[in-house]
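*Asks:* Let me begin by handing over the structure; questions about it come next.
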Amino acid sequence: MGERMRGAELRRGLRGGLPIGLGYFAVSLAIGLYWAQGQLPPLSSAIFSATSMSSTSQFAGITIIAARGGLVELAATTLIVNLRYLLMSVSLAQRLPAKVSTGTRLLMAAGVTDEIYALNISRTPITAAYFLGSMVLPILGWTGGTLTGAYVGEVIPASVQSAAGILLYAMFIAIVVPPARKSGDVRVVMAIAAAASIALAFLPGLRELEVGWRIIIATCVAAAIGASIRPVSEGRA
């Protein structure tokens, strides 16, 4: 691919990533507010978001950091919650031209999210230039929104900050409701995860566990039971 073609693909990627970036900015405000509730340094929230563009793992991570959890607990939780990105990365890697270098592939891996993956996987062929372009504005939007939310959370009254916490729950509702409406299997796994979380939070001997380990256990239990009772056939995968 010539320099002119790469430049054109990069610009197309920037345009394709614009709506994702705007959406990420709005959603990540909730992450920033939650960061502020944990009384964590606002500026570090930008580093946190730039290196971990995942609302679910960031919510879990902030909870663990605020509770002064251990590094192993934090790493294990992030790994399990973000396992789906490994599958997405493998899928993308198989469709990239062989001439794309390892360094470029690693750079692209930093931008694999649900929305960026969906934007790129439908294209034929998938080009590194388009993918890299489509990453730029979502990363800026997600990082900027988190940083904005963290600084806003520092200055607004505690009562307003608590009320603004509803944004976080609204964010998760927006994430889980659409797939749950389409799939009974998703609803079953959600119910199992909720039941496991409640049990871990209230049962003697389990409620003493650190919050990160409870998240790990609930995730593994829901995934294992869901895969056992509602396996996805090859034709539906």
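*Asks:* Just one of the numbered conditions (1) more than 29 Å from Ser44 (Cβ to Cβ); (2) in contact with a helix residue (DSSP H, G or I) (Cβ under 6 Å, 6 or more places away or on another chain); (3) at pLDDT 75 or above is not true of Leu203; which one?
*Replies:* All conditions are met except number (2).
*Asks:* Take the conditions open to solvent by less than 50 Å² (accessible area, probe 1.4 Å) and under 23 Å from Phe48 (Cα atoms) and apply them to Ile126. Does it pass?
*Replies:* no
*Asks:* Another one. Which is aliphatic (A, V, I, L, M), in a helix (DSSP H, G or I) and open to solvent by 50 Å² or more (accessible area, probe 1.4 Å), of Ala76, Ala26?
*Replies:* So the residue among Ala76, Ala26 that is aliphatic (A, V, I, L, M), in a helix (DSSP H, G or I) and open to solvent by 50 Å² or more (accessible area, probe 1.4 Å) is Ala26.
*Asks:* Scan the stretch 59-109 for residues that are in contact (Cβ under 8 Å) with a residue 40 or more places away in the chain and farther than 16 Å from Cys220 by Cα and jot them down.
*Replies:* If the condition is that a residue be in contact (Cβ under 8 Å) with a residue 40 or more places away in the chain and farther than 16 Å from Cys220 by Cα, then Phe59, Thr63, Ile64, Ala67, Gly69, Gly70 are the ones that fit.
*Asks:* Considering the stretch 176-189 alone, what residues qualify as being at pLDDT below 85 and either closer than 15 Å to Thr219 by Cβ or touching a His at 6+ places or on another chain (Cβ under 9 Å) (or both)?
*Replies:* Val176, Val186
*Asks:* Tell me the residue from Gly153, Gly141 that is surrounded by 15 or more Cβ atoms within 10 Å (Cβ to Cβ), more than 20 Å from the chain's Cα centre (by Cα), assigned to a helix (DSSP H, G or I) and at pLDDT 80 or above, please.
*Replies:* Just a single option satisfies the conditions, and that option is Gly153.
The values are calculated or read from the model by the stated rules, or taken from the named source; none is laboratory data. Everything quoted here is computed from the prediction, not taken from an experiment. Backbone-built Cβ (ideal geometry, glycine too); neighbour counts: all protein chains shown. In case anyone asks, the SASA skips ligands and DNA or RNA and just uses the protein heavy atoms, side chains included. Shrake-Rupley method; radii C 1.70, N 1.55, O 1.52, S 1.80 Å.
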